[in-house]
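Q: My structure is below; once you've seen it, I'll send some questions.
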Amino acid sequence: MPIEIEVNGQRYPINYPPETPLLYVLRDELRLTGTKYGCGEGQCGACTVLLGGAPRRSCQIPVSAAAGKPVTTIEGLEKDGRLHPVQQAFLDAGAFQCAYCTSGMIMRSVGLLQSNSNPSQAEVVQFLQGNVCRCGTHPRIMEAVRHAAKMVQEHGR
Ligand code: FES
């Protein structure tokens with residue numbers, strides 16, 4: 001019997017072994033390739049998605065564990081043709097170079113702002129420290145998250 005998962009508001013029957021990493025299902029079955037495969041070992045954060053509203057590393061989550069909990073990927077953030085404030089802030093700040101880490105950084109930042117809409121610089125650094133950027137764009141990422149926090153406080157989401 002297939003596992004049913006909900007991704008970006010849509011339900012999908014999944015005929016994969018239950019232990020298959022959610023990351024593989026998102027990318028290979030659902031073609032949601034905005035979620036990146038980095039290390040595959042839970043170390044880099046490139047594969048971060050929201051699971052039940054909380055940021056999680058999808059390479060470390062068996063697809064069976066996603067049943068009954070809504071999954072949000074980078075593709076599901078935009079609403080009514082408008083980018084999520086965190087996406088917009090990353091664009092405005094140019095908070096990427098190669099951009100391989102960007103999806104994971106954005107999803108983790110969305111998770112942070114959902115639980116704390118006015119994080120201090122230290123809290124942003126602590127929350128994002130497990131997400132690796134090899135291009136060294138962390139200062140611009142910090143700027144983007146601060147800018148996004150202001151937008152979320154002013155306009156919601
Ligand atoms: Fe999942 Fe690196 S690919 S943490």
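The values are calculated or read from the model by the stated rules, or taken from the named source; none is laboratory data. Just so you know, these numbers come straight off a predicted model, no measurement behind them. Neighbour counts run over all protein chains shown; Cβ positions are idealised from the backbone, glycine included. Ligands, DNA and RNA are excluded from the accessible area calculation, which covers all protein heavy atoms including side chains. Shrake-Rupley method; radii C 1.70, N 1.55, O 1.52, S 1.80 Å.
Q: For the range 85-155, compute Rg over Rh where Rg is the Cα radius of gyration and Rh is the Kirkwood radius from the inverse mean 1/r over Cα pairs.
A: 0.92
Q: In Å², and per residue, what accessible area does the range 85-155 have when probed at 1.4 Å with the other protein chains present?
A: So the range 85-155 comes to 50 Å² accessible per residue, rounded to a whole number.
Q: Where only protein heavy atoms count, and the probe is 1.4 Å, what is the accessible area per residue for the range 3-76 in Å²? Present the calculation step by step, with values, prior to reporting the outcome.
A: On the way: 3490 Å² over 74 residues.
On a per-residue basis, 47 Å².
Q: What residues qualify as long-range amide H neighbours of Val7, i.e. H under 5 Å apart, gap of 5 or more or another chain, H built at 1.01 Å from N?
A: Result for Val7 returns Tyr12, Val71.
Q: Ok, one more. Ignoring ligands, DNA and RNA, what percent of the 1.4 Å accessible area of the range 85-155 is carbon and sulfur?
A: Carbon-and-sulfur percentage of accessible area, whole number: 50.
Q: Size of the chain along its principal axes in angstrom, Cα-based, largest extent first?
A: Computed over the chain, the largest-to-smallest principal extents equal 46, 32, 24 Å.
Q: Let me ask something else about it. Which whole-number percentage describes the relative contact order of the chain, with Cα contacts under 8 Å and a sequence gap of 6 or more?
A: 24
Q: Also, I was wondering about something else. Round to a whole number: what % of the accessible area of the range 3-76 belongs to carbon and sulfur, probe 1.4 Å? It would help to have the intermediate numbers written out before the result.
A: Details: 1580 of 3490 Å².
Carbon-and-sulfur percentage of accessible area, whole number: 45.
Q: Another question about this same structure. Treating only the Cβ atoms of Lys and Arg (+1) and Asp and Glu (-1) as charged, compute the dipole magnitude of the chain about its Cα centre; round to the nearest 20 debye.
A: Numbers: 15 positive and 13 negative charges, 45 e Å.
Value, rounded to 20: 220 debye.
Q: Starting from 0 in steps of 10 Å, tell me what percent of the Cα-Cα pairs of the range 3-76 lands in each bin.
A: Result returned by the calculation: 23, 63, 15.
Q: Still on this structure, I have one more. Rank by packing, highest mean first: peptides 80-90, 2-12, with packing defined as the count of other Cβ atoms within 10 Å averaged across residues.
A: 80-90, 2-12
Q: Moving on. Note down the relative contact order for the range 85-155 as a percent, whole number, built from C-alpha pairs under 8 angstrom at least six residues apart. Display every interim value, and only then the final one.
A: Numbers: 69 pairs, mean separation 36.8, N = 71.
Taking the mean separation of contacting Cα pairs over the length of the range 85-155, I get 52 percent.
Q: How much length is gained if the chain between Tyr24 and Met1 is pulled fully straight, taking 0.36 nm per residue apart and subtracting their Cα-Cα distance, in nm to one decimal? Mind dumping the intermediate values first?
A: Details: separation 23, 0.36 × 23 = 8.28 nm, distance 1.89 nm.
Separation in residues times 0.36 nm, less the Cα-Cα distance, equals 6.4 nm.
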